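Structure record follows, encoded as C-alpha cells.
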Amino acid sequence: MENTFTIEVKNSKTIDLLKKLEELNLIKFLKKEKKNNMKLSDKLRGSLTKEQAADLDAHIKKAREEW
C-alpha cells in the first residue's frame, strides 16, 4: 500500500519520531523535487503562432478602445 501525504510539523519532537518510524521501515521520506525557476515568459515563448499572436494583439487593442 502506497499513500503519499504532505504534513505540517507543529513540534520539533515530531521529526525525531518520524525519523524513528523511517528507521523501522514503517515510513519513507521522499525528496521533494526542485521547482524549475524558469520565468513564465520563457516558459510560454513560442506557444502561440505568429498569426495567433497577431489576432490576440488585435483583439486586445479593440477591447481597449471599447473602454
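Quick one: which helices (runs of 4 or more DSSP H) sit completely within the chain and have at least 2 residues that are among the basic types (Lys, Arg) and free of Cβ contacts under 8 Å to residues at least 60 places away in the same chain?
12-23, 50-66
Among the residues of segment 22-43, which ones are under 11 Å from the mean Cα position of the chain (by Cα) and charged (D, E, K, R)? Break it down stepwise before answering.
Of segment 22-43, the ones under 11 Å from the mean Cα position of the chain (by Cα) are 33-37.
Once the filter is applied, which keeps residues that are under 11 Å from the mean Cα position of the chain (by Cα) and charged (D, E, K, R), segment 22-43 yields GLU33, LYS34, LYS35.
Considering only residues that are touching a helix residue (DSSP H, G or I) at 6+ places or on another chain (Cβ under 9 Å) and exposed (fewer than 10 other Cβ atoms within 10 Å of the Cβ), look in segment 27-51 and name the one that is modelled with the lowest pLDDT.
So the first thing to find is which residues in segment 27-51 are touching a helix residue (DSSP H, G or I) at 6+ places or on another chain (Cβ under 9 Å), and the list is 27-29, 36, 48.
When the remaining residues are screened for being exposed (fewer than 10 other Cβ atoms within 10 Å of the Cβ), the result is 28-29, 36.
Values: LYS28: 92, PHE29: 89, ASN36: 74.
Result: ASN36.
The values are calculated or read from the model by the stated rules, or taken from the named source; none is laboratory data. On a predicted model such as this, the values are computed, not experimentally measured, just so you know. Counting neighbours? That spans all protein chains shown, and the Cβs are built from the backbone with ideal geometry, glycine included.
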